[in-house]
1. Within region 68-109, take every residue that is within 30 Å of LYS41 (Cα to Cα) and surrounded by fewer than 17 Cβ atoms within 10 Å (Cβ to Cβ) and give me the one that is modelled with the highest pLDDT.
2. Please go through (1) touching a strand residue (DSSP E or B) at 6+ places or on another chain (Cβ under 9 Å); (2) assigned by TED's automatic domain parsing to the domain that holds VAL85 for SER124 and return the number of the only condition it doesn't satisfy.
3. Among the residues of region 176-195, is there at least one that is within 24 Å of LYS57 (Cβ to Cβ), surrounded by 11 or more Cβ atoms within 10 Å (Cβ to Cβ) and in contact (Cβ under 8 Å) with a residue 40 or more places away in the chain?
Amino acid sequence: MSSPVDKSWFRTAIERAGYKSQGAFATDVGLTSVKITNIIKGIRRVQPEEINLFSEKLRESPSNIMAALGMKPRPEQEMPISGYVAAADRVVFYENGDAELANEPVRVPFFFYPGLLLTIKGDSMLPRYKPGEKVGIRTPGIKSVPLKFLGCDVVVSLTNGQLLLKTIYKGTSQDRFTLVSVNPTVEPIVDADIDWVAPIDFHMV
């Protein structure tokens, strides 16, 4: 490691993610409390798959995790395209064997991103999303929608099987949510029956 571990950052991130203790976080990531303590002390070197798991559980970017661990993140990586966003906000994931899977991977300006890339198709989501732009999401999504997601763009899985890119807002009652398109011609879905949501982590040309 090139620099000391930022112990304060880790303790704050664990608390912010909703864990009551460092031990509870250790249990959730499948490590012993001693191993987590040693990682935070800089005694134990964290493994690549653990960085991805920490990123998922703490809802922090892999680059932030690596920086807090005193590691120098690589400046970029290549990632495949896992699907696309089409007309009417519809999200489609490629299946094995799809011809479009043969596309060249996309270079992204960070390393260890543990999610998926989707391509925006068409111009129905202008000006927020441009044709050919890439968005990043992490799956599986979250079953219980956190309040911090309100007003944010998310990929949402509905109980009827639809996958959509929408902006999520509070619904007509507690634990109900309304989904609004970035395209003003598309009707909102009020009190949607949601299976899971995954926030849009970034979008890039």
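The values are calculated or read from the model by the stated rules, or taken from the named source; none is laboratory data. Fair warning: this is a prediction, and the values are worked out from it, not measured in the lab. With ideal geometry, Cβ positions are generated from the backbone for all residues, glycine too; neighbour counts draw on all protein chains shown.
1. Within region 68-109, the subset within 30 Å of LYS41 (Cα to Cα) is 68-77, 109.
Within this subset, residues satisfying the condition of being surrounded by fewer than 17 Cβ atoms within 10 Å (Cβ to Cβ) are 70, 72, 74-77, 109.
On the way: GLY70: 88, LYS72: 79, ARG74: 70, PRO75: 72, GLU76: 78, GLN77: 80, PRO109: 80.
Here the residue is GLY70.
2. Failing condition for SER124: (1).
3. Residues of region 176-195 within 24 Å of LYS57 (Cβ to Cβ): 177, 194-195.
If we keep only those that are surrounded by 11 or more Cβ atoms within 10 Å (Cβ to Cβ) as well, we get 177, 194-195.
If we keep only those that are in contact (Cβ under 8 Å) with a residue 40 or more places away in the chain as well, we get 194-195.
Among the residues of region 176-195, at least one is within 24 Å of LYS57 (Cβ to Cβ), surrounded by 11 or more Cβ atoms within 10 Å (Cβ to Cβ) and in contact (Cβ under 8 Å) with a residue 40 or more places away in the chain, which makes the answer yes.
Residues checked against (1) under 23 Å from the mean Cα position of the chain (by Cα); (2) surrounded by 16 or more Cβ atoms within 10 Å (Cβ to Cβ); (3) polar (S, T, N, Q):
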| residue | (1), (2), (3) |
| --- | --- |
| SER8 | no, no, yes |
| GLY18 | yes, no, no |
| ALA26 | yes, yes, no |
| THR32 | no, no, yes |
| GLN47 | yes, no, yes |
